[in-house]
Amino acid sequence: MRTRISNLTAHGKPGQGYEVAGWVRSIRISKEIAFITLNDGSNLPGIQVVAEQGVANFADIGRLGTGAAVRVSGTLVESPAAGQAWELAATEIRIIGAADETFPLQKKRHSFEYLRSIAHLRPRSNTFGAVFRLRSRLAQAIHSFFAERGFLYVHTPIITASDCEGAGELFRVTTLDPASPPLLDARPDYGQDFFGQKTGLTVSGQLEGELFALAFSDIYTFGPTFRAENSNTARHASEFWMIEPEMAFANLSDDADLAEEFVRYLCRFALEECAEDMAFFDRHIENGLQERIRRVAEADFVRMDYSDAIDRLQRSGVSFAYPVEWGLDLQTEHERHLSEHVVGGPLFILNYPREIKAFYMRQNEDGRTVAAMDLLVPKVGEIIGGSQREERLDLLEQRMAELGIAKEPLWWYLESRRWGSCPHAGFGLGFERLVMYLSGMENIRDVIPFPRTPRHAEF
Ligand code: 4AD
Ligand code: MG
């Protein structure tokens, strides 16, 4: 029976026989002995297999190349080599799938850019092994965090008729013939489309999430999100995953409390449960990463009003590409300056100008700001966006009218304010931005298995 390599190195008994299977990462061969590093994805280092001439098919080993799939039977022994506790003394090695010298992931280091062009193979490299193990573990930790707190997990729709963020970044979903759609007043008649109306891929599960919060108190969504925004940056993807909790009977301060607890929990989780991969990131991706994350796990996050943030930026003496004045939507350069230089850690910016935020945010008494919050972190910038929601029907309708948002398509959202409306708040955490933050990886394309960005959807 096959044993996963991570189990073998953690729980294997010396002197006992085991069978493992995986892919050859490197191989050193001499006439009498061969050393093979075998990796099955279950951990970073894999295991060193030592095959001496006595192994039945020693001759076959000569045909083994980096990337080949093999099955090995052998005895677990203490390793005399430095840097590893165990190795497997092979009694039999079987080549399952050969790989020749054209396999692109030979030993030398490759640029992340090159590896993106072989996204079908890069999971077999050390860096991407670590990234995608971390990503998988974090996804599970996120579910644990909310389960431990009694939040209901709700699956909000992927196909939707409403643009929650109002930024017009919906990808269309249609079955109309693009060459000759049925027309109404010289425009495509979406009334004849599959759903009988204009639909697209969701930009956020929030609006539907709110409806569930108004029944289950505390809920969260965790699913794919799509935005057709044409921004080719290292932090934007056209398809990304978002976690959106929503709490009934909660205000902005409760919202920030939850976000802070959540991020700290995930920092601790990564350090404790993904220690081997985190140590790898620290060594090869960002020096001092673990210390940085440890500080975040222990720190109280700073909370700063938007108006104070503008003040701090204006007094910084830095000349930004986007000049700073009250009303400005903070750009990455501003967000990074605040978190990296002003605070030196994560910080919440609270109470943004209403003109730069979405229609559903709760209007503050001052008449010019809304109860919004963004969590900014060093290097990545905005990682969380959230708000207390406008629960007062008249004010919500008034704001929609000001922004020219039609009431009719959102009738169901408005009705949630008609019966049993209550203060509620929530936020969205960009999952890829979290993985970037915790791994030190600097491009969002390198924390998504198969990234979708403008002009890129090949694999
Ligand atoms: O700030 P955003 O747009 O907020 C919302 O969508 C709200 N409906 C959330 C809520 O209150 N329930 O997006 C939330 C987060 C951002 O802070 C960022 O981390 C991530 O989603 N994000 C992206 N990540 C990758 N690529 C993109 N194009 C992203 N746009 C937003
Ligand atoms: Mg935002």
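Quick notes on this structure:
- Distance (nanometres) between label positions extended 7 Å along Cα→Cβ at residue 57 and residue 322: 6.0
- As a rough footprinting exposure proxy, the listed residues 448, 29 were ranked by other beta carbons within 10 Å of their own, and the order from fewest upward is 29, 448.
- By the count of other C-beta atoms within 10 Å, a proxy for reagent exposure, 341, 11, 456 are ordered fewest to most as 11, 341, 456.
- Computed Kirkwood radius, in angstrom, where 1/r is averaged over Cα pairs of the range 182-333: 20.1
- Charge context of residue 37, other residues only, Cβ under 13 angstrom, K/R +1, D/E -1: +2
- Residues whose placed amide H lies under 5 Å from that of residue 302, excluding near-sequence neighbours: 348
- Toward the positive end of the charge dipole of the chain, with +1 on the Cβ of Lys and Arg and -1 on the Cβ of Asp and Glu, the farthest Cα among 360, 220, 438 is that of 438.
- Under-5 Å amide H pairs with residue 382, H placed in peptide plane, nonlocal only: 377
- Structural size metrics of the chain, computed from C-alpha coordinates, are Rg and Dmax of 26.4, 84 Å.
- Rounded to 5, the percent of DSSP beta bridges in the chain classed as antiparallel: 85
- Rounded to the nearest 10 degrees, the inclination of helix 289-298 to the longest alpha-carbon principal axis of the chain is 50 degrees.
- Residue-by-residue Karplus 3J(HN,Hα) for the range 200-207, coefficients 6.51, -1.76, 1.60, Hz, glycine and proline x: x, 7, 5, 9, 4, x, 4, 4
- Close amide-amide hydrogen proximity is noted between residue 79 and 86, 87, each under 5 Å apart and 5 or more residues distant or on a separate chain (H modeled in the peptide plane; Pro and chain starts excluded).
- Binned Cα-Cα distances of the range 5-97, short to long, each 5 Å bin given as a whole percent: 3, 15, 29, 29, 17, 7, 0
- Counting only alpha carbon atoms, the long axis of helix 275-284 and the longest principal axis of the chain meet at about 90°.
- Computed from backbone phi, the HN-Hα couplings of the range 251-265 come to 10, 4, 5, 4, 5, 5, 4, 5, 4, 5, 4, 5, 5, 5, 4 Hz, rounded to whole numbers (Karplus: 6.51 cos²θ - 1.76 cosθ + 1.60, θ = phi - 60°; Gly and Pro given as x).
- Estimated vicinal HN-Hα couplings, Hz - the range 172-187 in sequence order (Karplus 6.51, -1.76, 1.60; Gly, Pro = x): 5, 10, 8, 10, 5, 6, x, 6, 8, x, x, 10, 9, 6, 6, 10
- Near-label residues of the range 135-174 by backbone N, under 19 Å of a point 7 Å along Cα→Cβ of residue 197: 156-174
- Gain in span if fully extended, residue 407 to residue 26, counting 0.36 nm per residue against the direct Cα distance: 130.9 nm
The numbers here are math on the coordinates, done by the rules we state, and not lab data. The shown structure was predicted, so the numbers you read here are calculated from the model rather than taken from an experiment. Here Cβ is always computed from backbone atoms with ideal geometry, including for glycine, and neighbour counts include all displayed protein chains.
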